[in-house]
Each structure stands twice: as structure tokens, then as C-alpha cells.
Ligand code: F6P
């Protein structure tokens, strides 16, 4: 069946209240699935078994497309590339253009391990002694993955301090460099293309800063890139350049060289465990029946809420303070992958592709934006996640509260509070019309969807599994929508225009620009004068 015809049919299946559906034990069981250390519950959604079955029918192409991806076929058709981030954490041979890529993957990983160990044990030294600080300079996928994962795995962090500089705003570099000694700092320039203006600007500033203390600053630089010619031109010795192929997309790259700062922070063993967790999720995605497959179920509820119910956004709500950067990471993963408007064939999509993705860790978000989630007019499907145990056993009472809050929020979204209930709560304080008016403000519509992912504890394996789960969810949604999830042409125009605006900010004639841009630039230049 055509996907969009299926979506039309599914629209006719919305309507039942979630609380009513939860009375059906068989349905609930079909909306709760396990894989490795994860239990994923999507029973607090308005999905019926009938809707789930139709969604599964619409996912019929997923197995063949999935197999094509894992097999190294060139499924990124606008860039004519294979999509093989899974090979970075894989063990089985994968052939691209007749050649097994795995020996190269293993060799690079071995080189990363050796370098990470040298930095960690002081064999690799700066001008002033053992490395105390590592600065990863990169942006987008060359920053978000290692920055997010280094924070997430802080309890495993026993290497040098790690810092992440991404923004071309000089404030980012300046604030980071403040406490650093160039003589004991290693700078890692992370850029797949080694052409990204923000990263190269920050890298040049870092080299200049390093030169104050290190006569040959390139000796305290490493690079993570697929453009070895450019890293050499920059002055970084090839022994400290860790390359990867064009079949690794930026937002999918934390598993290989782009993860070097993470590996230096937590050590090669914990990094291996991170890869292993992702590999286990890959195996599950490849082998579990679609109806029991976590990435597929996560994708199906995404399609249900965005394309069928028409909810424009989804919130990622990890009840884990160390996952503070996960919403930003998933924002790039999902929005750069599926923020598209044409099919693989280049035809306009008849409906929306990826939703807006946003979020914050709980419980902080509860005291900020949950007001809208509970009482705003537009429902926001919420994706909760929480561990059974925290990493601070001595503070377990905090963790118990964290769990209680996470479960309370999905329960509140589900149950809501009727006008009669609201009235009963305040009947001793108000009466008559004022009671009705006050009660109206305390009504929660309820019947708001959420899913919950739970796991025993946030370990390197579990983190790897969560990221792979979301990667494959993006893939499944992309396949169902018939789009290319692996290009990102939407970022190009802004980059080109920024280049053309550069000279105008220096004062060159701006008369070719639109009236708004001219006025803004004119005022900014006046204030700069
Ligand atoms: O913003 C576009 C983008 O290409 C992302 O996809 C990528 O993660 C980021 O820029 C950084 O690119 P690079 O690693 O080539 O510097």
C-alpha cells in the first residue's frame, strides 16, 4: 500500500482515549518490547492493535532497505555514498566497491587506542609535560557526539580533562582557553571535510595560542578527518591524523575517529563497551521481527504522532542529568536526517517528513516548559527515559525521586484532571462562579501520548544502545517516508551566503542585498565603527 494512502486510513483510526486502550492487556503487551538492557513501553499512546498492524504493513520495505544499508550499498543516492556507520562498531566483513572495509576500520581503531593510551599514560607529552587537557574543536556531528557522550560517561572519565569548542563566536574559544596551559594541552581538530569555516577559524586561533608556549604547535595537534591532504597543509603530522571514509555521515560519526576525545577521556575499554552496546542494538534491529523491534516501534509511534495525528514536535526527556546534551545530539540526528521535503525521486512529499525535535533533562524541564506540555493546546509526544539505578549509590534517595517524577509525568499526561476533579480540590476555598472560573484553570486535558525507555543504569553499553536505537529509528522513518536521510543539502545555502557576506561585514558595497539585510548590516557597521 502507498504510504500516504495508509496515513489517510490511519487518520480514521485516531480517537480512542489512551486510558480506555490501556484496559486491553493484549494490546499493551504488543506495545511493550525488550531488547538487551532495554524495555520500551509505548502503551501510553493512542495506538490500537489495528493501527499498529497497518503501520507495520507500511514498514514492509524496511527489511530490504536495512539489509542494503548494512551490506554497504550506496543508499545515499544524492551523494552516491554507502551508509556504513554501523561498520565502525561492527565485526563482520562489509564490502564497498569490491573491498572489505573492516580491516581499515580495525586498523584505525587500533591506532586510536594506541594514541589514546599514550595520551592517558603520559607517553605522549606536551612541551610542558603530560597532557592535562584535551580540546576538541569541531561542530555539528564533529562536536555533539563526543561532547554529549563524554558528559554522559563522566563516571568513567579517568583521563585528562576534555573541552569542546564549536562556535565560531570567539567567546567559545576564549572561555575555554582561559584555564588552559598550552604547554600541556592537546588540540584535536575534528572535521570530516576539513573545510568547515567555524572549525578552521577556531583551529587557527588555537594554533596561534599554542605557539606562545610551543615553538612547533602542530606537534600538540591531532586531526580527525577524511581529508589528509588538508590536515597536512595545516601542519599536523599524518601519524596523528585519524581518517574515515565518506560512508560515515557527520551526525553518525561518534563511533570512529570523531570519538577520539571520548576515548581519551574514558579509556579504550569503556569506548569498546560503548561500541558493543551499539552493535547489540544493530543485531537486534537486524534480526528481531518488526513487531518486536525497538527502532521500528519507536519509528512507528513517531509516524503515528507526526504524520497521522499531526503533532508538529516531539520532546526528548531523559531523566538523567548526564544526558543533558542528548536532546541536542538527537536534534541534529533527526532534523538533519529527516528534515526533508522531497522523495528519493525528487518529487514533492505529499505530507510532512521529520518533526521538530527538542528537549531537556528532567526534572529541570518540569519547572520550565512542562506547563505547555500539560495544558497547552498542541499535544507534544514525550519520549521519557530513565535508569533503574543512578551512578551515586550514596544518593539513591535522589534517584528514587527522579524515577517517581519521570513516571508521574507520563501518568499526569495520560490521566489529566477533569473540571469536576479540579472543582472538588478547591471547593473549600471558592464558590459559585468564582469556583467555576478557578477550576477551569486547573483542568488538564489528559490523553496526551508518551513513551518510556528504561534500562538498569547508564553505562557505556547502554549509551551505545540508546544512540543506535535512535539512529535506526531515523532510518526506519526515512525509509517509510521514501526520503534520503543521509544528505544535508539544507545547510549549504546559509554557508554560501555567509561566505558572500564576509566582505560586506568588512565594509564592501552591500547594495545587491535585500533591503532588510542592508538595513541590519548598516546599523551593525555603524555600531562597530
Ligand atoms: O552542518 C552541516 C555539517 O556538514 C554536519 O552534517 C556536520 O556534522 C558538520 O557540518 C561538520 O562538518 P565537518 O565535520 O566536515 O566539519
Take the residues of the range 239-262 that are part of a loop (DSSP other than H, G, I, E, B) and more than 13 Å from the ligand (Cβ to nearest atom): which is farthest from residue 189 (Cα to Cα)? 247
Given the conditions (1) touching a strand residue (DSSP E or B) at 6+ places or on another chain (Cβ under 8 Å); (2) away from the ligand (no atom under 16 Å from the Cβ); (3) at pLDDT below 95, which single one is not true for residue 212? (1)
Answer yes or no: is there a residue in the range 88-95 that is closer than 29 Å to residue 273 by Cβ, over 23 Å from the mean Cα position of the chain (by Cα) and buried (at least 18 other Cβ atoms within 10 Å of the Cβ). yes
Go through (1) more than 16 Å from the ligand (Cβ to nearest atom); (2) in contact with a strand residue (DSSP E or B) (Cβ under 9 Å, 6 or more places away or on another chain); (3) more than 19 Å from residue 463 (Cα to Cα) and name the single condition residue 150 misses. (3)
Just the residues that are part of a strand (DSSP E or B) and either at pLDDT below 95 or more than 16 Å from the ligand (Cβ to nearest atom) (or both), please, taken from the range 299-358. 313, 314, 315, 316, 317, 318, 342, 348, 356, 358
Is it the case, given these coordinates, that residue 224 is more than 16 Å from the ligand (Cβ to nearest atom), closer than 20 Å to residue 145 by Cα and either out of contact with any helix residue (DSSP H, G or I) (no Cβ under 6 Å at 6 or more places or on another chain) or at pLDDT 95 or above (or both)? no
Whether any residue in the range 446-462 is over 26 Å from the mean Cα position of the chain (by Cα) and surrounded by 15 or more Cβ atoms within 10 Å (Cβ to Cβ) is what I want to check. yes
Report, ordered by the first and then the second residue, all pairs with beta carbons closer than 7 Å, sequence separation of six or more or different chains, a first member in the range 181-200 that is at positive phi, and a second member that is more than 9 Å from the ligand (Cβ to nearest atom) and in a helix (DSSP H, G or I). 194/230; 194/231
Looking only at the range 441-461, decide whether some residue is touching a residue at least 12 places away in the same chain (Cβ under 8 Å), within 16 Å of the ligand (Cβ to nearest atom) and on the phi < 0 side of the Ramachandran plot. no
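Looking at the range 476-519 only, could you name the residues that are part of a helix (DSSP H, G or I) and within 16 Å of the ligand (Cβ to nearest atom)? Give the steps one after another, and end with the answer.
Start the filter on the range 476-519 by keeping residues that are part of a helix (DSSP H, G or I), which leaves 476-481, 489-505, 515-519.
Matches in the range 476-519: 478, 489, 490, 491, 492, 493, 494, 495, 496, 497, 498, 499.
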Of the residues in the range 87-105 that are assigned to a loop (DSSP other than H, G, I, E, B) and touching a residue at least 60 places away in the same chain (Cβ under 8 Å), the one that is nearest to the ligand (Cβ to nearest atom) is 101
One residue is enough: does the range 410-421 have a residue meeting the conditions within 30 Å of residue 340 (Cβ to Cβ) and not in a loop (DSSP other than H, G, I, E, B)? yes
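If you go through the range 274-282 one residue at a time, do you hit one that is more than 20 Å from the chain's Cα centre (by Cα), closer than 24 Å to residue 75 by Cβ and in a helix (DSSP H, G or I)? Even if it seems obvious, please write down each step before you answer.
Of the range 274-282, the ones more than 20 Å from the chain's Cα centre (by Cα) are none.
Within the range 274-282, none of the residues are more than 20 Å from the chain's Cα centre (by Cα), closer than 24 Å to residue 75 by Cβ and in a helix (DSSP H, G or I).
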Let me confirm something: among 513, 495, which residue is touching a residue at least 40 places away in the same chain (Cβ under 8 Å) and more than 30 Å from residue 300 (Cα to Cα)? 495
Which residues, counting only those in the range 229-238, are assigned to a helix (DSSP H, G or I) and more than 14 Å from the ligand (Cβ to nearest atom)? 229, 232, 233, 238
Report yes if some residue within the range 66-84 is under 30 Å from residue 450 (Cβ atoms) and touching a helix residue (DSSP H, G or I) at 6+ places or on another chain (Cβ under 6 Å); otherwise report no. no
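The values are calculated or read from the model by the stated rules, or taken from the named source; none is laboratory data. Keep in mind it's a predicted model, so treat the numbers as computed, not measured. In this analysis, Cβ positions are derived from the backbone assuming ideal geometry, glycine residues included, and neighbour counts consider all displayed protein chains.
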